[in-house]
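To keep things clear, I will list the structure first and then write my remarks on it.
No value in this document is a laboratory result; all are computed from the given coordinates. The structure presented is a predicted model; accordingly, all values stated were derived computationally and were not measured. Cβ placement follows ideal geometry from the backbone for every residue including glycine, while neighbour counts extend to all protein chains displayed.
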There are 2 protein chains.
Amino acid sequence: MQRGMARTTGSHSQTTGPRVRAVAEHLFAKHGFAAVSMRQIAAEVGVQAGALYNYTPDKQTLLFSLMHDHMVELIAAWDATATMSTPTASVAAFTRFHIAYHLARRDAVFIAYMELRNLSPENFAVIEGLRKAYEQRLEQIIRDGVAQGVFVVADTRIATLAIIGMLTEVTTWFRDGGRLDVDGVADLYVAMVGRVLGIGEDRRSVS
Amino acid sequence: MQRGMARTTGSHSQTTGPRVRAVAEHLFAKHGFAAVSMRQIAAEVGVQAGALYNYTPDKQTLLFSLMHDHMVELIAAWDATATMSTPTASVAAFTRFHIAYHLARRDAVFIAYMELRNLSPENFAVIEGLRKAYEQRLEQIIRDGVAQGVFVVADTRIATLAIIGMLTEVTTWFRDGGRLDVDGVADLYVAMVGRVLGIGEDRRSVS
DNA sequence: GTCTATACGGGGATAGAC
DNA sequence: GTCTATCCCCGTATAGAC
C-alpha cells in the first residue's frame, strides 16, 4: 500500500504478503489468535506453513502488526475527518465516524479488543498507548464543550469512557440487512450521546 | 454449594471439584480458553491432568459449564434484587446492580463475553438465550417507563443495548484503589443512564 | 479419586533443496 | 519465495494400577 513497486521478477510477494495479513486477520477474528495455527493460515493463503515466515518472524509479531496498523489507521482516519468545529458538531462527527469505521473493519476491531492478552508486555503497552491516543480525541472534544458551557458532565473522563463503550458495543449486535442501517443507527447514537453530554439541558447563568 | 454433603470417605471431591472450576475460571479469563491447557489447570489445582476428567467430560464442557452457571447466577441475583418500583428507581437499581455484580465477578464476566466463539453451536445458543433473558429485564423496565411517560427514548431496543454497553465497559478500566470507588462510579452511571432515557426532559402534554 | 503412562495428533519454527 | 521434511514440544484424552 505505502511502498513503491517491488521489482523482484517472478515474485508473488506483492500479493502473498497482504494476503497473509488478510487471512490472518479474518481467522484470528473468527476463532481467536490462540486457536488458529500457522498451518491453517498457510492453507487458506494457498502456501505451505514455512512460507509464512518470509512475512513475519513469528506468529505473535503477526498479531501485533495487525493490531498496530489497525490502531494507527483508525487514528489517522479520524484525524483526516475531524475539522475545526463546535464541540456539538465534533462529537456528532466522532459518533458517526466511530460507528461507521468500526462496522466497516469489524475483524480488525474485534482483534484489537480481544487479543490484548496475547501480546508481550512491550507490545501491549504500544497498543494501549494508541488506544489512549484515540480516546483522547473524544475526551478533548468533551473538555472543550464543557469549557464552552455547551456540555454539562459530572466527570469528563468517565463520560468519555461511557460513550466509547456505548458506541463500540454496536459492533456486537449490528447485522447488515437488519432493521436499521448504519446511518439510522448512527442517528440514534448521536442523539443518545448528546443527552449524555447534557446538550440543551436547562442551565442557569449561561449566556 | 447447592448439594448436600457427600459421604465418600477419604475423598477430596468436595474441595477438588470447586477448585478445578475456580482455577479454570481464573486461567481462562487471564489467558483465554484456547491458550490454557488442561495440564496448566491441573498443575494449579495440584493434581495430574488425568484427574480433571473426573469433573468434566472434556475441556469445552468445562467452559460451557462456567459460562452457563455464571449467566444463571447473574439473572437469579438480579431477580432477587429487583422489586416492584417505579421505572426510574428500577433502572437506577439495575445500573447499580450491573456495575457492582460485574466488577465483583470480573473473571466470569470476561469469559462469558470473550469465549463465545469457543462454544459449540448448541452451547452458544444456550448462553445467548440467557444473555437475551438478562437484557430483557432492562428492556422491560425501559418499556414500562416509556409507557408511563417518564422515559423518552427514540428506540427502546437500541437504548437497552447502548446502556448495557456503557455499563459493561466499566469492567475494562475499573481498578480497585483508583480515583473512584464502585459506589462513586455507579452514581455517575445512574446519572448518565437517566439522561439517555430522557428522565426529567422537557415534554409537552404530559400530566 | 488420583496416579502413572501413553496414545495420537497437532503446535511453532527451522533447514536446505529448488 | 516457496517447497518438503523434520525437530521437538505440547495438546487432549484414555487405560489401568492403586
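The table for this structure:
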read-out	value
Selection count where residues are within 16 Å of DNA strand C (Cβ to nearest atom) and polar (S, T, N, Q), scope segment A:53-88	5
Residues that are acidic (Asp, Glu), within 16 Å of B:Phe33 (Cβ to Cβ) and surrounded by fewer than 19 Cβ atoms within 10 Å (Cβ to Cβ), drawn from segment B:84-138	B:Asp107
Residue count for segment B:65-100, restricted to those that are within 14 Å of another protein chain (Cβ to nearest Cβ) and either part of a loop (DSSP other than H, G, I, E, B) or within 9 Å of DNA strand D (Cβ to nearest atom) (or both)	0
Hits in segment A:46-85 (condition: β-branched (Val, Ile, Thr) and within 23 Å of A:Val185 (Cβ to Cβ))	A:Ile75, A:Thr81, A:Thr83
Filtered residue count, segment B:29-40, keeping only those that are away from chain A (no Cβ under 11 Å) and more than 8 Å from DNA strand D (Cβ to nearest atom)	0
Residue list for segment A:144-192, restricted to those being polar (S, T, N, Q) and in contact (Cβ under 8 Å) with a residue 24 or more places away in the chain	A:Gln148, A:Thr160, A:Thr168, A:Thr171
Evaluation of A:Met67 against (1) on the phi > 0 side of the Ramachandran plot; (2) in contact with a Leu (Cβ under 8 Å, 6 or more places away or on another chain) (one fails), failing number	(1)
All positions within segment A:44-64 that are more than 10 Å from DNA strand D (Cβ to nearest atom) and either of a type outside the set (D, E, K, R) or buried (at least 16 other Cβ atoms within 10 Å of the Cβ) (or both)	A:Glu44, A:Thr56, A:Pro57, A:Lys59, A:Gln60, A:Thr61, A:Leu62, A:Leu63, A:Phe64
Residue within segment B:142-152 that is surrounded by fewer than 17 Cβ atoms within 10 Å (Cβ to Cβ) and closer than 24 Å to B:His68 by Cα present	no
